[in-house]
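The structure appears below as structure tokens.
The values are calculated or read from the model by the stated rules, or taken from the named source; none is laboratory data. Remember, predicted model here, so these are calculated numbers, not experimental data. As a convention, Cβ positions derive from the backbone with ideal geometry for all residues, glycine included, and neighbour counts pool all protein chains shown.
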Amino acid sequence: MIKNMNKERAIIITGKNGTGKSKKALEMFEEPVIVYANEMDLGDINSIDRNRGIVIEDIHYKPKKDEILHVLRNYRGNVVMTSLNQKSVPSNIKNMSKFKRAGSVQYIQNTIKEIAPRSEEPFSLQQDMFSLVREYLKNSDRDLIVKMLKINQPADTQIMSWLVENMHPNRLLFVDGVVKRRWSKDYFYEMLGYNFGGKQFGSPKMPIRKSYSKIPSICRRLGLKGGEERILKQLLQDKEFCNHAKKKLNNAECRLLGIGEKKKRKPKKKLVKTSLDKWM
């Protein structure tokens, strides 16, 4: 366990789908905070207990680099990330991390063979989210669905955002409002699995992704800490702070904050050399 150890360099576990990257990452902690690299909705990282640790999944896929680097630089606990390969990891994240291989054993497929030995082919439980949601919606064997959820351990916010697009939200109210993050992960997956009976066929709808906000990144450049975005509007009412912001930010960011653009520097006038002959 990484628990109670001093902060170490971040670890990136690489391997193909189904090789157990996520399982290896989760085994390093007792109950970590799990987030996907293309979402990074952690909020104030200083509020996360250093002994919990953070697992960042799939940094090969559209990672929010600024937010990830902010976590690596400022979180007091340990961070473990997963990626399909090493070359897809952004170089600035790569430079702050060390790599470990997940190995070549098809962990997920072997687990599914144990669960369903007579199945023609184990559910390719490399479960990308699309496949997991499709099985959740159509499969009436809810014991199997619960096991699949526990094996894959999808982030609660991600699985809920997918399901709300494909079923009536009233079915998810209790799990989302009462169980999520108040009870254990196993209980959350059990309640989620048994909350629906399956037999809903068709291709799942993908959730609509929210547009990326540049405000957290701007706040960090202006020296504000995580969670202080709410006071930015108040600070922008101060003329001196606006001038300070204009020096730190580019024109696009200044326009986003509604403080105008930087004043363009006037080109210096060239001195024309003259000789005494001109005046004679």
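With the condition kept exactly as written, say whether any residue in segment 84-99 is touching a strand residue (DSSP E or B) at 6+ places or on another chain (Cβ under 7 Å) and within 20 Å of residue 156 (Cα to Cα). Scanning segment 84-99, I find no residue that is touching a strand residue (DSSP E or B) at 6+ places or on another chain (Cβ under 7 Å) and within 20 Å of residue 156 (Cα to Cα), so the answer is no.
Applying the selection to segment 125-160, what residues are at pLDDT below 85 and among the polar types (S, T, N, Q)? Those that are at pLDDT below 85 and among the polar types (S, T, N, Q): 126, 127, 131, 152, 153, 157, 158. Only one of the numbered conditions (1) out of contact with any Pro (no Cβ under 9 Å at 6 or more places or on another chain); (2) charged (D, E, K, R); (3) buried (at least 16 other Cβ atoms within 10 Å of the Cβ) is violated by residue 67, and that is (1). Selection of segment 154-198 for residues being in a helix (DSSP H, G or I) and charged (D, E, K, R) yields 156, 171, 176, 185, 186, 190.
Do we have any residue at all in segment 198-208 that's within 30 Å of residue 75 (Cβ to Cβ) and modelled with pLDDT under 75? Within segment 198-208, one or more residues are within 30 Å of residue 75 (Cβ to Cβ) and modelled with pLDDT under 75. Residue count for segment 80-92 under the criterion of being crowded, with 21+ Cβ neighbours inside 10 Å and out of contact with any helix residue (DSSP H, G or I) (no Cβ under 6 Å at 6 or more places or on another chain): the result is 3. Inspect segment 212-220 for any residue being at pLDDT below 85, out of contact with any helix residue (DSSP H, G or I) (no Cβ under 8 Å at 6 or more places or on another chain) and more than 25 Å from residue 30 (Cβ to Cβ) and give the result as yes or no. So far as segment 212-220 goes, yes, one or more of its residues are at pLDDT below 85, out of contact with any helix residue (DSSP H, G or I) (no Cβ under 8 Å at 6 or more places or on another chain) and more than 25 Å from residue 30 (Cβ to Cβ).
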